[in-house]
1. On the given criteria, is Phe206 under 12 Å from the mean Cα position of the chain (by Cα) and of a type in the set (Phe, Trp, Tyr)?
2. Would a scan of the stretch 125-139 turn up a residue that is within 16 Å of the ligand (Cβ to nearest atom), part of a strand (DSSP E or B) and at pLDDT 95 or above?
3. Take the stretch 15-58 and flag every residue that is under 24 Å from Ala266 (Cα atoms) and either in contact with an Asp or Glu (Cβ under 8 Å, 6 or more places away or on another chain) or polar (S, T, N, Q) (or both).
4. Return the only residue of Ser245, Ser273 being assigned to a loop (DSSP other than H, G, I, E, B) and small (Gly, Ala, Ser).
5. Determine which single condition Arg199 fails, assuming it passes every other condition in (1) surrounded by fewer than 20 Cβ atoms within 10 Å (Cβ to Cβ); (2) under 19 Å from the mean Cα position of the chain (by Cα); (3) assigned to a loop (DSSP other than H, G, I, E, B); (4) at pLDDT 95 or above.
6. What are the residues in the stretch 1-29 that are in contact (Cβ under 8 Å) with a residue 40 or more places away in the chain, not in a loop (DSSP other than H, G, I, E, B) and not basic (Lys, Arg), if any?
7. In the stretch 54-67, which residue that is under 18 Å from Leu17 (Cβ atoms) and either within 14 Å of the ligand (Cβ to nearest atom) or in a helix (DSSP H, G or I) (or both) is farthest from the chain's Cα centre (by Cα)?
Amino acid sequence: MTTNQLVQEIKKKKSFLCIGLDVDLNKIPEHLLQEEDPIFAFNKAIIDATHHLCVAYKPNTAFYEAYGLKGWKSLERTIHYLNKNHPKIFTIADAKRGDIGNTSTMYAKAFLEDLAFDSVTVAPYMGKDSVEPFLTFKDKHTILLALTSNQGAFDFQTKTIDGKELYKQVLEISKTWENSKNLMYVVGATKAEFLADIRQIIPESFLLVPGVGAQGGNLQEVCKYGMNSQIGLLINSSRGIIYASKEKDFAEAAAIKAEELQKQMAVELDCHSKS
Ligand SMILES: O=c1ccn([C@@H]2O[C@H](COP(=O)(O)O)[C@@H](O)[C@H]2O)c(=O)[nH]1
């Protein structure tokens, strides 16, 4: 999917919501555990109930890898279901990969070719040659961790090295890499006060912003400092949506939570178009 197509979908749906599909078998309704593939059954019900309210889905691969081969099969079924039934929805494999170039090429093939996600999250720590293999795929996107939502982001990412914070160096240096037009960046919603500085460095890029909902990030603050002329934001909520209920009504309850966020986003988009 191209960035332009993503922007069109955001405008059409009045939403820049990304729903995180982080399926934990201990948290899903008990009746689903009788299904042959409980994870896929859960995801399918959530997708069927929420696809009109969001523009992206983000399975975090840890929640699938934790269940071995069965989990990987559930991930494969989920992405196939999305690509077949909702090809205009942007898909993110939140896998946080990155290794020496030769190995990164294989990670990129796994997520962007074999599973056919639109994008994959990548850690920048190993540098240019570990990220560039992901950037070679046409109309696919590499979402680089810039400033993450967790407390540990202050351990390294905000430390000043050679007169500049590390996360700013990640943003600046990554812009010089080959095919950098295929880059997006992760910035935590809990770090909204950093967004004005971030937008000085990468005014045009899309940001994946996790941390609204369970982690307490504020949607309005993120929009105030992070929105650009092409919207430029995908705001993710996982637990706050998919675990709204553990009963038979779980999918409807998820849709209600998703709609609450979508309505706030519609207001932000409306204000933005008038400004
Ligand atoms: O900085 C980051 C990067 C990734 N994540 C991931 O996003 C979701 C957030 O889930 P919630 O349940 O809405 O808190 C999850 O998959 C994280 O691993 C992040 O939170 N922060």
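The values are calculated or read from the model by the stated rules, or taken from the named source; none is laboratory data. Keep in mind that this is a model prediction, so the values were computed, not measured. All Cβ positions, glycine included, derive from the backbone under ideal geometry; neighbour counts span all protein chains shown.
1. Numbers: under 12 Å from the mean Cα position of the chain (by Cα): yes; of a type in the set (Phe, Trp, Tyr): yes.
Considered against the rule, which asks whether it is under 12 Å from the mean Cα position of the chain (by Cα) and of a type in the set (Phe, Trp, Tyr), Phe206 comes out as yes.
2. To start, the set of residues in the stretch 125-139 that are within 16 Å of the ligand (Cβ to nearest atom) comprises 125.
Now narrow it down to the ones that are part of a strand (DSSP E or B): none.
The answer is no, given that none of the residues of the stretch 125-139 is within 16 Å of the ligand (Cβ to nearest atom), part of a strand (DSSP E or B) and at pLDDT 95 or above.
3. Ser15, Gly20, Ala49, Thr50, Leu53, Val55, Lys58
4. Working: Ser273 fails: assigned to a loop (DSSP other than H, G, I, E, B).
Testing whether each residue is assigned to a loop (DSSP other than H, G, I, E, B) and small (Gly, Ala, Ser) leaves just Ser245.
5. Of everything listed in (1) surrounded by fewer than 20 Cβ atoms within 10 Å (Cβ to Cβ); (2) under 19 Å from the mean Cα position of the chain (by Cα); (3) assigned to a loop (DSSP other than H, G, I, E, B); (4) at pLDDT 95 or above, Arg199 misses just condition (3).
6. Scanning the stretch 1-29 gives Thr3, Gln5, Leu6, Val7, Glu9, Ile10, Leu17, Cys18, Ile19, Gly20.
7. Step one: filter the stretch 54-67 for residues under 18 Å from Leu17 (Cβ atoms), giving 54-60.
From what's left, either within 14 Å of the ligand (Cβ to nearest atom) or in a helix (DSSP H, G or I) (or both): 54, 56-60.
Numbers: Cys54: 12, Ala56: 7, Tyr57: 7, Lys58: 5, Pro59: 8, Asn60: 9 Å.
Among residues in the stretch 54-67 that are under 18 Å from Leu17 (Cβ atoms) and either within 14 Å of the ligand (Cβ to nearest atom) or in a helix (DSSP H, G or I) (or both), the one farthest from the chain's Cα centre (by Cα) is Cys54.
Here's the yes/no breakdown for (1) modelled with pLDDT under 95; (2) among the polar types (S, T, N, Q); (3) in a helix (DSSP H, G or I); (4) surrounded by 15 or more Cβ atoms within 10 Å (Cβ to Cβ):
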{"residue": "Leu33", "(1), (2), (3), (4)": "no, no, yes, no"}
{"residue": "Lys44", "(1), (2), (3), (4)": "no, no, yes, yes"}
{"residue": "His52", "(1), (2), (3), (4)": "no, no, no, no"}
{"residue": "Leu69", "(1), (2), (3), (4)": "no, no, yes, no"}
{"residue": "Arg77", "(1), (2), (3), (4)": "no, no, yes, yes"}
{"residue": "Pro87", "(1), (2), (3), (4)": "no, no, no, no"}
{"residue": "Asp94", "(1), (2), (3), (4)": "no, no, no, yes"}
{"residue": "Thr103", "(1), (2), (3), (4)": "no, yes, yes, no"}
{"residue": "Tyr107", "(1), (2), (3), (4)": "no, no, yes, yes"}
